[in-house]
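Before any comments, here is the structure.
The values are calculated or read from the model by the stated rules, or taken from the named source; none is laboratory data. Because the structure is predicted, anything quoted here is derived from the model rather than measured. For neighbour counting, all protein chains shown are included, and Cβ atoms are generated from backbone atoms with ideal geometry for every residue, glycine included. SASA here: full protein model, heavy atoms, side chains in, ligands and nucleic acids out. Shrake-Rupley method; radii C 1.70, N 1.55, O 1.52, S 1.80 Å.
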Amino acid sequence: MLPPQAPIQAPDQAHVQVLLPVYNGARFLAEQIESILGQTGVHVMLLCRDDDSSDTSAAILRDFETRYPRQVRILRDDLGNLGASGNFSRLMQAAMERPTTMTAGACPPYIALSDQDDLWHPDKLATCVTHIQTLETAQPGLPALVHSDLRVISETGDEIAPSMSRYQGLQPQHSSLAAQVLSNTLTGCTSLMNRHLLETGLPVPQEAIMHDWWLSLVASAIGQRIYLDQALIDYRQHASNAIGAKAQDAPVAYRTILHRLFDDRHGEIFRLNARQAGAFLTRFKTRLSVKQRVVLWLASHLDIPFPPLQRLTYRLLRKL
């Protein structure tokens, strides 16, 4: 357990506001909060919101707020249950609306997103801050995002996979807009972003598939980003994960050429991709290059109701 009040860090250390949405997470919530408050080398301010939990999550948050009033604050509203993405979006909006009293009127320059059931390595935030400051020094004033790999663990803490990206067969180092339009390689709970990214990306529209996917697109299209090929979080895999880590799927064995040609397994995600790409193009069209506008225009037509043309468009985007 942490001491009754974590010591205040040195004044030259970066301030990071961590956003923690909670829903029925009582089982692992205290461990996660302790791993956040135990971060080294940074000032940590934790902003939480309970999404109408039916377990003891709200009581756990109130206990931490009472014990750590300079570091923990609960966002209270009457909006009810917003769901995982909506809860994150509400916290991000609140982080931009007004300074927190925990920082005496100052807005922390960096924001990190957190899940409710993981374990952060003690140097997680400090490592990300070092890299995001390098990005900002090279290109000041732009939206910036740093994200990392994760170690997948079981409910009891046993290792399932040392690398989530390799376990799932992801390629998070591919940060072009075309790559991010087709597949979200950002695991939101690993991310550290500067305020420019939130100022540019908010509000997250209803057309966004997930809040972190939308922010990933913003960083890829009009900002800068870097992926750290090291696990900075222990990602806890259990039955109640909102999404969860899944091993890479085996290739599909098609029965006939006709079956392959009209396979519509990816039809729904293509439709969601198209909706998100269209919304992104509409909002940021004037800030995009010609190539980026072409990429998003193509992606916005992935919902064409003819599987062969969907896959042709997808393969074309993979080459851009």
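Numerical summary
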read-out: Accessible area expressed per residue, the range 145-214, with surrounding protein chains retained (probe 1.4 Å, Å²); value: 36 Å²
read-out: Whole-Å distance, taken between Cα centres, linking the range 126-151 and the range 265-291; value: 25 Å
read-out: Computed accessible area, LEU19, all protein chains, 1.4 angstrom probe, square angstrom; value: 0 Å²
read-out: Estimated translational D of the range 109-166 in µm²/s (Stokes, Kirkwood radius over Cα pairs; 37 °C; 0.692 mPa s); value: 246 µm²/s
read-out: Formal net charge of residues neighbouring VAL294 (Cβ-Cβ distance under 13 Å; K, R +1; D, E -1); value: +4
read-out: Förster radius 30 Å - calculated FRET efficiency between ARG318 and THR134 (Cβ-Cβ, nearest 0.05); value: 0.50
read-out: Distance between modelled label sites at GLU155 and ILE209, nm, 7 Å Cα→Cβ extension; value: 2.9 nm
read-out: Accessible carbon and sulfur surface of the range 84-194 relative to its total accessible area, %, 1.4 Å; value: 53 percent
